[in-house]
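**Q** The structure that follows is given in the form of structure tokens.
The values are calculated or read from the model by the stated rules, or taken from the named source; none is laboratory data. The shown structure was predicted, so the numbers you read here are calculated from the model rather than taken from an experiment. Ideal geometry is used to build each Cβ from the backbone, glycine not excepted, and the neighbour counts take in all protein chains shown. We work out accessible area using only protein heavy atoms, side chains counted, and drop any ligands, DNA or RNA first. Shrake-Rupley method; radii C 1.70, N 1.55, O 1.52, S 1.80 Å.
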Amino acid sequence: GALGSHEFVKLDCEGCELEVLQSYDLSATRAVAIEYHTDSDRSAITDLLDKEGFTLFFHESVAAGRGILKFKRQ
């Protein structure tokens, strides 16, 4: 990815979270906290991180189609 790898990644970029996440090297990442702004972004973020070996352990809906997701990897 274009961005280096970090142990913890937190993204809140007002609707661009998926695009930013896709540019990350997640090889050293153990946890991700990320906001989503549409249900389709939530699904795409969850699918991407699932394929990378992450497990969703927290989901808080804050409004229709918006919320916070937290993932971890062993």
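Conditions (1) assigned to a loop (DSSP other than H, G, I, E, B); (2) on the phi < 0 side of the Ramachandran plot; (3) hydrophobic (A, V, I, L, M, F, W, C), marked per residue:
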position	(1), (2), (3)
5	yes, yes, no
34	no, yes, yes
40	no, yes, no
48	no, yes, yes
62	no, yes, yes
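**Q** Another question, if that's okay. Test residue 12 against the stated conditions and say whether it is over 22 Å from residue 74 (Cα atoms) and open to solvent by less than 70 Å² (accessible area, probe 1.4 Å).
**A** It is false that residue 12 is over 22 Å from residue 74 (Cα atoms) and open to solvent by less than 70 Å² (accessible area, probe 1.4 Å).
**Q** Considering only residues of segment 27-52 that are over 15 Å from residue 9 (Cα atoms) and of a type in the set (Gly, Ala, Ser), which is least open to solvent (accessible area, probe 1.4 Å)?
**A** By that ranking, first place goes to 44.
**Q** Going by the conditions given, is residue 7 open to solvent by 50 Å² or more (accessible area, probe 1.4 Å), out of contact with any strand residue (DSSP E or B) (no Cβ under 6 Å at 6 or more places or on another chain) and acidic (Asp, Glu)?
**A** Yes.
**Q** Test residue 21 against the stated conditions and say whether it is open to solvent by less than 70 Å² (accessible area, probe 1.4 Å) and modelled with pLDDT under 95.
**A** Taking the combined requirement at face value, the residue satisfies it.
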